[in-house]
Amino acid sequence: MMSNFSSEFLWGASTSAYQVEGAASIDGKKPSQQDVINKDSYKKFGFATAEIASDQYHHYKEDIALMKEMGFKAYRFSIAWSRVFPDGVGEVNEKGIQYYRDLINELKKNDIEPIITLYHYDLPWALVEKYGGWLDRQVVKDFEYYARFIINEFKDKVKYWTTINEQSIIVQYWTQKCYIPQELQGNNQLRYQINHHMNLAHAIACKLVHELVPNGLVGAALGYSPVYPLSSKPEDVMAAQNAHDLRNAFYLDIYFKGHYTKSAWIYLEKHGLAPNIEAGDMELIKEGYSDFLALNYYASECAKYCPDNGTKQIRYSGVNRSGKKGEISGFETHPGFYEMCKNPNLDTTDWDWAIDPTGLEYMFRDIYTRYEKPLMITENGLGAYDTLTMDGKVHDDYRIHYLREHIKAMNRAMEYGVEVLAYCPWSAIDLLSTSNGVKKRYGFIYVDRTDDDPKECKRLKKDSFYWYKKVIESNGEEL
Ligand code: BGP
C-alpha cells in the first residue's frame with residue numbers, strides 16, 4: 001500500500017483515567033461520579049468497578065515500557081480531576097498531581113508525546129453533591145479552575161490538548177456518563193443543558209491553551225458516527241440529514257464555527273429541548289476556537305424516516321449489556337425527524353456496533369471538506385472477548401483485521417488531502433469498558449483480571465501487540 005504517513009505522524013493509542021488507573025481511593029483521591037456509577041453497575045450487572053481497573057497507577061512504568069516496545073509516538077490519556085482536586089476545587093492534592101508529573105516525565109523520557117484529555121466522564125463526586133454537577137452552570141467556573149491549573153502545570157511539556165471527551169455520547173447516554181438523579185431522568189432538555197455547559201467549558205479550555213501554552217494545539221474529542229440513510233428513498237435520505245444535523249453537525253459547528261446548527265436548534269426549540277443560553281455565552285464559544293478535532297470512531301449509524309405519529313415520544317440510544325448480538329435495547333427515535341436503525345449491509349460486534357472501515361474514510365472526507373482543519377483519531381477499536389491460552393498468548397486476529405482495515409481507510413482519506421495528525425486507537429491496554437465491564441476488551445496488551453477478580457493485573461502481549469509494532473516500525477507500510 002502507498003502510505004501517506006509523514007515521519008511526524010503520531011502512532012499511539014488511548015485510555016482514560018477512571019477506566020485504566022484504579023487507585024480510586026488512595027493517595028488522597030476522592031470519588032468521581034464514575035466511581036459511584038460503576039459501583040452501581042457492579043451491583044446491577046456484575047461489571048467490574050473502577051476501584052482497581054487495570055491498576056495503571058501502580059504499573060505505569062511497565063505500561064510505558066510496553067508502549068515504547070511497540071514504538072508509540074504518542075499516548076492519549078486523561079487526567080482524573082478528583083485525583084488532583086479531591087473536592088473539585090480548592091486545595092490541590094500533591095500526591096495526585098505528582099502522579100501525572102511522573103507519568104508525563106516517563107513518557108517524555110521515552111519520546112512518547114503526551115496527548116492530554118482534560119475531562120473524560122469523571123466529574124468529582126463532591127461537585128455532584130454540592131450542586132448536581134454538570135446540571136448547574138457553576139460547574140463551568142469550577143472546570144476553569146481545574147483546567148487552568150493543569151494547563152499551567154504542563155504547558156511546557158504538553159503540546160496537544162483535548163478538552164472534553166464525547167459530548168455527543170454524553171447527550172445520548174447521559175445517565176451512564178453523568179450522575180443524574182432518578183427524578184430528573186425524564187427531563188430531556190437537561191441533556192442539552194449539560195451539553196451547553198460543556199460547550200462553555202470546552203471554549204474556556206481552548207482559550208486557556210491558546211493563552212498559556214507556547215505552540216499548544218487544542219480541540220475536543222468527539223464521538224462521531226456518520227449517518228447513512230437506510231434506503232435511497234428521499235424520506236430516508238432526509239431522515240439521515242436530520243440525524244446528522246442533531247447528532248454530528250450540532251457539535252462540529254460549535255467547535256469550528258462557534259454557533260449551533262440552525263436546523264437542529266429549531267427542532268430542539270419546537271420540542272422544548274433547547275438549552276438556556278445566557279448573555280455572552282455565544283461570544284465565549286466563538287472565542288474558544290479549535291485548532292484541530294480529535295475523533296473517536298467505532299461505527300457508522302443508519303437512519304430511516306419516522307412519521308410524526310402524534311405521540312412525540314422521543315427515545316435515546318439503547319445499549320447492549322449482554323454481549324450477545326442483537327440484544328441492543330432500542331434505537332434513538334425522534335418522531336417526525338428521524339429514527340435510527342440497524343444497517344442491514346454491515347456486520348456488527350457482539351455488542352451490536354456496526355463494523356465499517358469505509359465509515360471512517362467517509363467521516364474524514366466529510367468533516368475535512370466542510371471545515372478544513374487537521375483531524376486526529378483518539379479512539380477506534382474492536383471490543384471483543386479475548387481468550388488467554390494456556391501458554392499466555394492471545395490470538396486476536398479479529399482485532400488486527402479491524403484495525404488494519406481502518407488504517408487503510410484513513411490512508412485513503414489522506415490520499416484525497418485530509419490532514420491527519422495522529423492515530424491513537426482504543427485502547428493501549430485492556431481496561432474497564434464504559435458499559436460492559438472488563439470482559440469486553442480493546443487493548444494491545446492483555447490485563448489478566450476478570451470482572452469479579454482483579455488478580456494481579458498481569459500484563460501480557462497479544463498478537464495485535466506484535467502486529468502494531470510492525471505497523472509503526474514501517475510507518476504504516478506494513479499492515
Ligand atoms: C468511547 C469512550 C471510551 C470507551 C469507548 C468504548 O465512547 O470515550 O471511554 O470506553 O467508547 O466504549 P465501551 O467501553 O462502552 O465499549
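Annotations for the structure displayed:
- Test result for residue 303, under 18 Å from the mean Cα position of the chain (by Cα), more than 23 Å from residue 164 (Cβ to Cβ) and either more than 16 Å from the ligand (Cβ to nearest atom) or free of Cβ contacts under 8 Å to residues at least 60 places away in the same chain (or both): no
- Among helices (runs of 4 or more DSSP H) entirely within the stretch 1-86, having at least 3 residues that are of a type outside the set (Gly, Ala, Ser) and within 19 Å of residue 468 (Cβ to Cβ) singles out 56-70.
- Test result for residue 253, part of a helix (DSSP H, G or I), within 28 Å of residue 78 (Cα to Cα) and open to solvent by less than 40 Å² (accessible area, probe 1.4 Å): yes
- Residues that are farther than 14 Å from residue 20 by Cα, open to solvent by less than 10 Å² (accessible area, probe 1.4 Å) and hydrophobic (A, V, I, L, M, F, W, C) within the stretch 66-101 comprise 67, 70, 72, 74, 81, 84, 85, 97, listed in sequence order.
- Given (1) more than 20 Å from residue 240 (Cα to Cα); (2) open to solvent by 20 Å² or more (accessible area, probe 1.4 Å); (3) under 19 Å from the mean Cα position of the chain (by Cα), index of the condition residue 317 fails: (1)
- Filtering 439, 408 for residues that are open to solvent by 20 Å² or more (accessible area, probe 1.4 Å) and either within 14 Å of the ligand (Cβ to nearest atom) or of a type in the set (S, T, N, Q) (or both) leaves a single hit, 439.
- Residues in the stretch 447-463 that are of a type outside the set (Asp, Glu) and within 16 Å of the ligand (Cβ to nearest atom): 447, 449.
- Boolean, residue 324 is basic (Lys, Arg) and at pLDDT below 95: no
- Hey, residue 188 surrounded by 23 or more Cβ atoms within 10 Å (Cβ to Cβ), closer than 17 Å to residue 265 by Cβ and away from the ligand (no atom under 16 Å from the Cβ) or not: no
- Look at the stretch 320-339: where a residue is in contact (Cβ under 8 Å) with a residue 60 or more places away in the chain and a partner is in a strand (DSSP E or B), sitting 6+ places away or on another chain with Cβ atoms under 6 Å, you get 332/340; 338/303; 339/304; 339/333.
- Close pairs from the stretch 430-441: first closer than 16 Å to residue 327 by Cβ, partner hydroxyl-bearing (Ser, Thr, Tyr) and within 9 Å of the ligand (Cβ to nearest atom), Cβ under 8 Å, at least 6 apart: 433/442; 435/173; 440/433
- Figure legend. Inter-residue proximity from the stretch 341-353: first residues closer than 19 Å to residue 244 by Cα, second residues among the acidic types (Asp, Glu) and more than 16 Å from the ligand (Cβ to nearest atom), beta-carbon distance below 6 Å, spacing 6+ or different chains. No pairs are indicated.
- Residue check, residue 79 within 15 Å of the ligand (Cβ to nearest atom) and among the β-branched types (Val, Ile, Thr): yes
- Residues in the stretch 214-225 that are more than 16 Å from the ligand (Cβ to nearest atom) and either within 25 Å of the chain's Cα centre (by Cα) or among the hydrophobic types (A, V, I, L, M, F, W, C) (or both): 4 in all.
- Restricting 432, 382 to residues that are hydrophobic (A, V, I, L, M, F, W, C), within 16 Å of the ligand (Cβ to nearest atom) and open to solvent by less than 10 Å² (accessible area, probe 1.4 Å) narrows the list to 432.
- When restricted to residues that are in contact (Cβ under 8 Å) with a residue 40 or more places away in the chain and away from the ligand (no atom under 16 Å from the Cβ), the stretch 24-44 contains 6.
- Taking each residue of the stretch 129-141 that is surrounded by 20 or more Cβ atoms within 10 Å (Cβ to Cβ) and looking for partners that are among the aliphatic types (A, V, I, L, M) and not in a helix (DSSP H, G or I) with beta-carbon atoms closer than 7 Å, six or more apart or interchain, yields 133/123; 134/123.
- Residue 93 being touching a Phe, Trp or Tyr at 6+ places or on another chain (Cβ under 9 Å) and over 14 Å from residue 431 (Cβ atoms): yes
- Residues in the stretch 327-353 that are open to solvent by less than 20 Å² (accessible area, probe 1.4 Å), within 16 Å of the ligand (Cβ to nearest atom) and of a type in the set (Phe, Trp, Tyr): 1 in all.
- Residue 117 within 16 Å of the ligand (Cβ to nearest atom) and either more than 29 Å from residue 69 (Cβ to Cβ) or over 19 Å from the mean Cα position of the chain (by Cα) (or both): no
- Flag for residue 220 being in a helix (DSSP H, G or I) and crowded, with 19+ Cβ neighbours inside 10 Å: no
- Only one of 54, 41, 16 that is at pLDDT below 95 and under 21 Å from the mean Cα position of the chain (by Cα): 41
- Here residue 135 qualifies as away from the ligand (no atom under 16 Å from the Cβ) and either more than 27 Å from residue 373 (Cβ to Cβ) or at pLDDT below 95 (or both).
- Residue that is most open to solvent (accessible area, probe 1.4 Å) [pool: residues in the stretch 9-65 that are out of contact with any Phe, Trp or Tyr (no Cβ under 7 Å at 6 or more places or on another chain) and basic (Lys, Arg)]: 43
- Qualifying residue in the stretch 233-244 (condition: modelled with pLDDT of 95 or more, touching a Phe, Trp or Tyr at 6+ places or on another chain (Cβ under 9 Å), closer than 20 Å to residue 170 by Cα and surrounded by fewer than 23 Cβ atoms within 10 Å (Cβ to Cβ)): yes
The values are calculated or read from the model by the stated rules, or taken from the named source; none is laboratory data. None of the values given here were measured: they were computed from a predicted structure. Don't worry about glycine lacking a Cβ; one is built from the backbone with ideal geometry, like all the others, and counts go over all protein chains shown. Protein only, heavy atoms only, side chains kept; ligands, DNA and RNA dropped before computing areas. Shrake-Rupley method; radii C 1.70, N 1.55, O 1.52, S 1.80 Å.
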